[in-house]
Amino acid sequence: MRRTKSFKQHLYERLQRTEEIADYVNAAIEENDVPTFLMALRDVADAKGLGKVAAEAKLNRENVYRMLSDQGNPRLNSLFSVLFVLGLKISVEAVDRLQTVEPLATVETKLLGGTSDPEQFQPTSGQSERINYECTVPANDEPLAA
């Protein structure tokens, strides 16, 4: 009897709520790395069903798969379509020119409605190819299977 679940399975369960999705994507944006942002969107699309997201966004599934890869370079209208389907939008804010801020850091995802305060995703350090996110879920007293 398996008492643990994979990270992806846990992540996909968490990414069913719009608030969780926004926190996850915002954590990726804070990395100031476009591939990390695109891969976070890919995780969300996979959690929701990439084919379903593509269909609702009126985009080709293969194109969505490709644009949300670490090598992706989506068109702005395609990105907005996917974000809308996921219940997100991008907003831009002014930056003090005296501060040194990476361009991606000025973009922030916002929820389309909803105000709850979900558990936060924290980026782990030491990941070069793809950022791995840990969640701050309260510890369970039950021992984990080895």
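The values are calculated or read from the model by the stated rules, or taken from the named source; none is laboratory data. None of the values given here were measured: they were computed from a predicted structure. Every residue, glycine among them, receives a Cβ derived from its backbone with ideal geometry; neighbour counts consider all protein chains shown.
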Quick one: in the stretch 60-105, which of the residues that are touching a helix residue (DSSP H, G or I) at 6+ places or on another chain (Cβ under 9 Å) and of a type in the set (K, R) is modelled with the lowest pLDDT?
K89
List pairs: first in the stretch 1-27 and under 15 Å from D46 (Cα atoms) and touching a residue at least 60 places away in the same chain (Cβ under 8 Å), second aromatic (F, W, Y) and buried (at least 18 other Cβ atoms within 10 Å of the Cβ), Cβ under 6 Å, 6+ apart or cross-chain?
Y24/F121
Count of residues meeting criterion [part of a helix (DSSP H, G or I) and in contact with an Asp or Glu (Cβ under 8 Å, 6 or more places away or on another chain)] in the stretch 48-86:
1
